[in-house]
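Visitor: Just dropping this structure here.
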Amino acid sequence: MNKTVFPAGAVGGCAVFIILLFAVEMRAQNEWNIVWDDEFNQPDGSVPDPTKWGYETGRGGWGNNELEYYTSRTNNARIEGGQLVIEANQESYGGSSYTSARMLTKGKWSWTYGRMEARIKIPRGQGIWPAFWTLGANIDSVSWPTCGEIDIMENIGKTSDQGTAHGTIHGPQSGGDYNGGSGVGGTYTLQGGATLAADFHIFAVEWTTNQIKWFVDTNLYFTATPASLPSNSTWVFTQPQFLLLNIAVGGNWPGNPDGTTLFPQQMLVDYVRVYEQTAPLRISTTQTNGGFVLSWPANIVCHLQTQTNSLASGNWSDLSRTTNPFVIAPDSNQTNVFYRLESP
């Protein structure tokens with residue numbers, strides 16, 4: 001946390017100090033500031049925010065011989081308890097025996113470079129295939145795999161894989177399998193036989209020029225650069241990518257469900273956040289008409305909180321209205337007032 005103290009001068013006849021606090025995520029000494037997020041705080045049973053997410057729907061195997069029919073129903077994607085629930089069910093629908101959801105930010109939000117992370121509790125079971133990933137925003141014009149694909153997290157739910165996260169990139173190659181099942185990537189396996197489905201974990205990539213790093217929680221487990229690619233292949237990760245979240249059922253890699261697979265299966269997503277690597281975060285203050293004006297970078301996702309008298313009390317509260325810049329009027333009660341930005 002960065003803390004800056006600005007002497008505010010005399011306001012209302014009393015010497016006041018405005019203390020500005022920042023709660024901004026930092027990773028590996030790089031300043032990753034949140035520029036987009038979804039905390040899934042809508043009412044229970046509601047649809048995910050349509051300004052952030054759309055759906056791919058239908059049956060068709062999706063290039064992997066998958067078995068599910070993707071829908072936009074709340075049966076398969078909804079908000080519950082401050083989390084996104086993506087649910088795969090065994091039911092007859094649209095000619096398929098299974099339903100699920102495949103959500104994406106395509107046409108709404110995409111980014112070139114950044115830290116993309118989500119806190120997820122994944123499902124499990126033979127034939128269950130959860131994923132958090134990206135595709136190039138130019139996919140409609142150049143097709144896959146030329147658009148590029150970054151698999152931030154994949155898991156195939158069979159018993160032998162339940163503790164392992166897979167991180168992979170796919171792109172164009174003349175011959176070979178960079179654009180197929182192999183890709184270029186690595187894995188991270190929990191210690192002691194633990195399963196990813198037993199608890200929430202943070203799955204992330206940090207994507208910068210000519211480099212992508214994969215993390216599970218705080219563990220860096222794989223790094224890809226153009227030098228990592230097989231011969232006759234191309235590094236295409238220089239263009240915007242959009243996010244996807246889904247549970248596939250069956251397919252070439254995980255195989256199909258069997259008698260051990262239980263339904264429904266749920267992927268619980270606590271949040272999704274996108275950070276950009278920016279110059280050090282700065283907040284500025286100017287004095288005007290006996291008061292003060294606070295301002296901060298417009299692209300950073302944050303909200304203003306306040307409390308009075310003492311930082312030790314810890315009783316921070318969100319302001320009902322926060323505009324940037326934010327005007328602080330003179331305090332007739334001559335009270336010390338503290339402000340901080342919190343992100344998210």
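The values are calculated or read from the model by the stated rules, or taken from the named source; none is laboratory data. Just so we're clear, the structure is a prediction, and the values are computed from it rather than from any experiment. Please note: Cβ atoms are built from the backbone with ideal geometry, for glycine as well, and neighbour counts cover all protein chains shown. When the accessible area is computed, the model is the full protein with side chains, heavy atoms only, and any ligands, DNA or RNA have been set aside. Shrake-Rupley method; radii C 1.70, N 1.55, O 1.52, S 1.80 Å.
Visitor: Over the chain, what is the mean sequence separation of C-alpha contacts under 8 Å (at least six apart), divided by residue count, expressed as relative contact order in percent?
Guide: Details: 874 pairs, mean separation 84.3, N = 344.
So the answer I get is 25 percent.
Visitor: Equivalent-ellipsoid semi-axes (√(5λ), Cα gyration tensor) for segment 256-309, whole Å, largest first?
Guide: Numbers: eigenvalues 463, 49, 11 Å².
Square roots of five times the eigenvalues give 48, 16, 7 Å.
Visitor: Just Asn76, Asn252, Asn155 to compare: in a GNM of the chain, with alpha carbon springs under 10 Å, which one fluctuates most?
Guide: Asn252
Visitor: Stokes-Einstein at 37 °C, 0.692 mPa s, Kirkwood radius from Cα pairs: D for segment 124-164 in µm² s⁻¹? Before the final figure, lay out the partial values.
Guide: Details: Rh = 11.5 Å.
The estimated diffusion coefficient comes to 285 µm²/s.
Visitor: Also, I was wondering about something else. Report the full-extension gain for the segment Glu56 to Arg282: residue separation times 0.36 nm, less the Cα-Cα distance, to one decimal in nm. Walk me through the numbers before you get to the answer.
Guide: Working: separation 226, 0.36 × 226 = 81.36 nm, distance 3.95 nm.
Extending this stretch completely gives an extra 77.4 nm.
Visitor: Using modelled amide H (1.01 Å from N, peptide plane; none on Pro or chain starts), what sits under 5 Å from the amide H of Phe40, excluding residues fewer than 5 places away?
Guide: The answer is none.
Visitor: Could you compute how fast the chain diffuses translationally, taking Rh as the Kirkwood radius over C-alpha pairs and applying Stokes-Einstein at 10 °C with viscosity 1.306 mPa s? Give it in µm² per second.
Guide: On the way: Rh = 22.1 Å.
In µm²/s, the coefficient is 72.
Visitor: Let me ask another. Kirkwood Rh, segment 194-344, all Cα pairs: how many Å?
Guide: Values: mean 1/r = 0.0476 Å⁻¹.
That comes to 21.0 Å for segment 194-344.
Visitor: So what is the accessible area of the chain per residue, in Å², with the probe set to 1.4 Å? Each step should come with its number before you reach the end.
Guide: On the way: 15060 Å² over 344 residues.
On a per-residue basis, 44 Å².
Visitor: Ser295 to Asn75: FRET efficiency via 1/(1 + (r/R0)^6), r the Cβ-Cβ distance, R0 51 Å, to the nearest 0.05?
Guide: On the way: r = 45 Å, r/R0 = 0.88.
Computed FRET efficiency for Ser295 and Asn75: 0.70.
Visitor: Can you give me the three principal axis dimensions of segment 72-205 from its C-alpha atoms, in Å, biggest first?
Guide: 40, 39, 31
Visitor: Quick one: work out Rg over Rh on the C-alpha atoms of segment 66-139, Rh as Kirkwood radius. Please report the intermediate quantities before stating the final value.
Guide: Values: Rg = 14.0 Å, Rh = 14.2 Å.
Computed over Cα atoms, the ratio is 0.98.
Visitor: Leaving out ligands, DNA and RNA, what percent of the accessible area of the chain is carbon and sulfur, probe 1.4 Å?
Guide: Numbers: 7070 of 15060 Å².
Roughly 47 percent, rounded to a whole number.
Visitor: Check the chain and count each lysine pair with an alpha-carbon distance under 29 angstrom, considering only pairs eight or more places apart or from different chains.
Guide: 11
Visitor: Something else about it: Would you mind getting me the FRET efficiency between Trp316 and Val47? Use the beta-carbon distance for r and R0 = 25 Å, nearest 0.05.
Guide: Values: r = 31 Å, r/R0 = 1.24.
Calculated transfer efficiency: 0.20.
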